[in-house]
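*Asks:* Pasting in a structure now, in structure tokens, and then I'll have a few things to ask.
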Amino acid sequence: MRPPDDLSSLKHLPLVLGSTGAFVVPAMWAFVLDQPALVAMSMVVGSVFLLSGLYLKYRARYSPCEAIWAAVLALLFFGSLLVVSVTGLAWRAGRPDLQPWALGLASLMYVGGMGAGFIAERRRLRVIDPATGLPAPLVPLLDLKRHRVLPLPSPPLPRAATVAALTALVLNVPLLMQIGGWEANDVVWLAMPALAATVMMVLASGFGPALARALALQSVERRVGRPLATSRLEELQAVRKQYWLSRWLARADGTP
């Protein structure tokens, strides 16, 4: 888990995450849940995302443990994207009896995407650096004298470009098809599988490997006997002091 490249983006993070949890995530379950359940989900998930945003803004050290919590948030958001992609097809087909099967398929797709990335990264981490005894891919990312984790480099440009292109297709091609005279029913049958494929690619290329690295870094923490934090921690603390709730919510300097 790495802090954002532009730390000023933390300013509005609680509002963005809270809104996502309260409105976007429940909307993805509209084909499955009734209105009272959606309202309850909005309150619970909105609170979880809002509190997570406040924590990331004021207190997070971007440690391995916090990276595991990020995987939980990924489950709530990207799992919901998979839910709407398959339950939307059952709804369009007029087969509400297929909704339980659709939820099962969404679960399998999530596990498959995360699992593929996780297993591939675990294989990479099995290579041990003979000088340190640590997983070789982690050695360039660790400053054990300061107990810091250096930020991972940004995703390679081809992968980032591919994900961005697929996302743009999912969002814009259905609209263009309708403008071109396609029926809404045909658009749904194309857009929903494309959305599911995009989500699985993001899980396999990003969140699955990140979870594997977080668990490996926790093993390093147990080995060295101290928690690890991002190498940008001091920079983070300086930025946080500018926010008006920092007096009550931010960690004191040097607080673990």
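The values are calculated or read from the model by the stated rules, or taken from the named source; none is laboratory data. Every value quoted in this text rests on a predicted model; they were computed, and no experiment measured them. Every residue, glycine among them, receives a Cβ derived from its backbone with ideal geometry; neighbour counts consider all protein chains shown. Remember, those area values only see protein heavy atoms, side chains included, never the ligands or the DNA or RNA. Shrake-Rupley method; radii C 1.70, N 1.55, O 1.52, S 1.80 Å.
*Asks:* Restricting the search to region 39-56, which residues are over 16 Å from the mean Cα position of the chain (by Cα) and surrounded by 16 or more Cβ atoms within 10 Å (Cβ to Cβ)? Step through it out loud before you land on a result.
*Replies:* Going residue by residue through region 39-56, those that are over 16 Å from the mean Cα position of the chain (by Cα) are 39-44, 47, 54.
The answer is Met41, Ser42, Leu54.
*Asks:* If I filter region 63-77 for residues that are of a type in the set (Phe, Trp, Tyr), modelled with pLDDT under 90, crowded, with 16+ Cβ neighbours inside 10 Å and more than 23 Å from Leu203 (Cβ to Cβ), do I get at least one hit?
*Replies:* Checked against the condition, which is being of a type in the set (Phe, Trp, Tyr), modelled with pLDDT under 90, crowded, with 16+ Cβ neighbours inside 10 Å and more than 23 Å from Leu203 (Cβ to Cβ), region 63-77 yields no hits at all.
*Asks:* Where the second residue is among the hydrophobic types (A, V, I, L, M, F, W, C) and open to solvent by 20 Å² or more (accessible area, probe 1.4 Å) and the first is over 20 Å from Trp91 (Cβ atoms) and lies in region 102-119, which pairs have Cβ atoms under 6 Å and are six or more apart or on separate chains?
*Replies:* Once the first residue is over 20 Å from Trp91 (Cβ atoms) and sits in region 102-119, its partners that are among the hydrophobic types (A, V, I, L, M, F, W, C) and open to solvent by 20 Å² or more (accessible area, probe 1.4 Å) give Gly113/Met200; Gly113/Ala204; Ala116/Ala204; Gly117/Ala204; Phe118/Leu211.
*Asks:* Then there's this: Can you find, within region 197-210, the residue that is least open to solvent (accessible area, probe 1.4 Å) among those that are over 17 Å from Ala70 (Cα atoms) and within 14 Å of the chain's Cα centre (by Cα)?
*Replies:* Thr198
*Asks:* Follow-up question, since we're still on this one. Any residue at all in region 189-196 that's surrounded by 14 or more Cβ atoms within 10 Å (Cβ to Cβ), in contact with a Lys or Arg (Cβ under 9 Å, 6 or more places away or on another chain) and either at pLDDT 85 or above or of a type in the set (Lys, Arg) (or both)?
*Replies:* No, because not a single residue in region 189-196 is surrounded by 14 or more Cβ atoms within 10 Å (Cβ to Cβ), in contact with a Lys or Arg (Cβ under 9 Å, 6 or more places away or on another chain) and either at pLDDT 85 or above or of a type in the set (Lys, Arg) (or both).
*Asks:* While we're on this one: Among the residues of region 104-113, is any assigned to a helix (DSSP H, G or I) and within 17 Å of Pro26 (Cβ to Cβ)? Show your work before the answer.
*Replies:* Of region 104-113, the ones assigned to a helix (DSSP H, G or I) are 104-113.
Imposing the further condition that a residue be within 17 Å of Pro26 (Cβ to Cβ) reduces the set to 106.
Among the residues of region 104-113, at least one is assigned to a helix (DSSP H, G or I) and within 17 Å of Pro26 (Cβ to Cβ), which makes the answer yes.
*Asks:* Oh, and also: Working carefully through the options Leu89, Leu98, find the one that is at pLDDT below 90 and either closer than 30 Å to Leu141 by Cα or buried (at least 18 other Cβ atoms within 10 Å of the Cβ) (or both). Spell out the reasoning first.
*Replies:* Working: Leu98 fails: either closer than 30 Å to Leu141 by Cα or buried (at least 18 other Cβ atoms within 10 Å of the Cβ) (or both).
The match here is Leu89.
*Asks:* Could you check how many residues of region 214-252 are closer than 17 Å to Asp143 by Cβ and of a type in the set (Lys, Arg)?
*Replies:* Number of matching residues: 3.
*Asks:* With the condition kept exactly as written, say whether any residue in region 12-30 is assigned to a loop (DSSP other than H, G, I, E, B), over 24 Å from Arg247 (Cα atoms) and open to solvent by 40 Å² or more (accessible area, probe 1.4 Å). Walk me through how you get there before you give the answer.
*Replies:* The first filter runs over region 12-30 and keeps only residues assigned to a loop (DSSP other than H, G, I, E, B), leaving 28-30.
Imposing the further condition that a residue be over 24 Å from Arg247 (Cα atoms) reduces the set to 28-30.
Next, only the ones that are open to solvent by 40 Å² or more (accessible area, probe 1.4 Å) stay: 29-30.
There is at least one residue in region 12-30 that is assigned to a loop (DSSP other than H, G, I, E, B), over 24 Å from Arg247 (Cα atoms) and open to solvent by 40 Å² or more (accessible area, probe 1.4 Å).
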